[in-house]
Amino acid sequence: MLKKNDLLCMEAHAENIRLVNILRVLTLKGDLSKSFYEIIDEEAIKNPGFTKSLQLLENTDKLIHTVEQLYWMAVRSAVTECYELTHDYCKKTKQDSKFKNQPWFYVIRTVRNALNHNFLIEFKYENDHKRLPIQWKEIRIDISMENQILSHKIFPVSAALEWLETLEIFINDELM
């Protein structure tokens, strides 16, 4: 059976999001290709394993797109894994109402669904429309956002990291 300690994966996920966010900034603000060539030796550059990597670093548009995809992959992994593990634990330990009564529950469920279903904000569950608008911290989701693509404006880096911290507090302080 899933144990409470099995849920505490938030720190690793938060670090992954922070790291890929740093990479996003570096990609947008610097020449990673030049930096890479400065730290790698000539023999390594000739290594066929680096050929595609170097081509990626030299193609700024492709690099920016790839790093953006990597960022969303890290966010999707963090939100989905932490949400699902915690939800499963709460169901198995008869604490599901605690989970569903969290102020972030409906917002994060909507974000989780978008992350896993073409990045579209959709209101699929019964009563979803009746609950709108929903809000947690700076994230506000309303009916006008249906079928919009999830973006940094809707779910910024700070919100993802804050939710992971909030979830950890919930697990430690409120769950048995």
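The values are calculated or read from the model by the stated rules, or taken from the named source; none is laboratory data. Source: prediction; values computed, not measured. Backbone-built Cβ (ideal geometry, glycine too); neighbour counts: all protein chains shown.
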Hey, Trp136 surrounded by 13 or more Cβ atoms within 10 Å (Cβ to Cβ) and either more than 26 Å from Leu28 (Cβ to Cβ) or free of Cβ contacts under 8 Å to residues at least 40 places away in the same chain (or both) or not:
yes
Taking the range 30-39 only, how many residues are closer than 16 Å to Thr66 by Cβ, assigned to a helix (DSSP H, G or I) and either free of Cβ contacts under 8 Å to residues at least 24 places away in the same chain or of a type in the set (Lys, Arg) (or both)?
1
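Condition check ((1) at pLDDT below 95; (2) buried (at least 18 other Cβ atoms within 10 Å of the Cβ)) across all residues:
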position	(1), (2)
Thr110	no, yes
Asn113	no, yes
Asn118	yes, no
Ile121	no, yes
Tyr125	yes, no
Glu146	no, no
Lys153	no, no
Leu167	no, yes
Just one of Lys52, Lys62 is more than 21 Å from Ile139 (Cα to Cα), of a type in the set (D, E, K, R) and in contact with a helix residue (DSSP H, G or I) (Cβ under 9 Å, 6 or more places away or on another chain); which is it?
Lys62
Subset of the range 125-151 (residues that are part of a loop (DSSP other than H, G, I, E, B) and among the charged types (D, E, K, R)):
Glu126, Lys137, Glu138, Asp142, Glu146
The condition from (1) in contact with a His (Cβ under 7 Å, 6 or more places away or on another chain); (2) closer than 29 Å to Asp173 by Cα that Ile143 misses is numbered (2)
In the range 1-11, anything part of a helix (DSSP H, G or I) and surrounded by 14 or more Cβ atoms within 10 Å (Cβ to Cβ) is listed as Leu7, Met10
Single residue of the range 86-108 satisfying the filter (crowded, with 18+ Cβ neighbours inside 10 Å and either among the aliphatic types (A, V, I, L, M) or over 13 Å from Phe170 (Cα atoms) (or both)) that is farthest from the chain's Cα centre (by Cα):
Tyr106
Report, ordered by the first and then the second residue, all pairs with beta carbons closer than 7 Å, sequence separation of six or more or different chains, a first member in the range 82-111 that is closer than 18 Å to His13 by Cβ and without any contact (Cβ under 8 Å) to a residue 40 or more places away in the chain, and a second member that is of a type outside the set (Val, Ile, Thr) and outside any helix (DSSP H, G or I).
Val107/Gln135; Val107/Trp136
Residue ID - nearest to Asn21 (Cα to Cα), chosen from residues in the range 75-106 that are of a type in the set (Ser, Thr, Tyr) and assigned to a helix (DSSP H, G or I):
Ser77
Residues satisfying the stated conditions in the range 54-65, i.e. assigned to a helix (DSSP H, G or I) and exposed (fewer than 14 other Cβ atoms within 10 Å of the Cβ):
Gln55, Asp61, Lys62, Ile64, His65
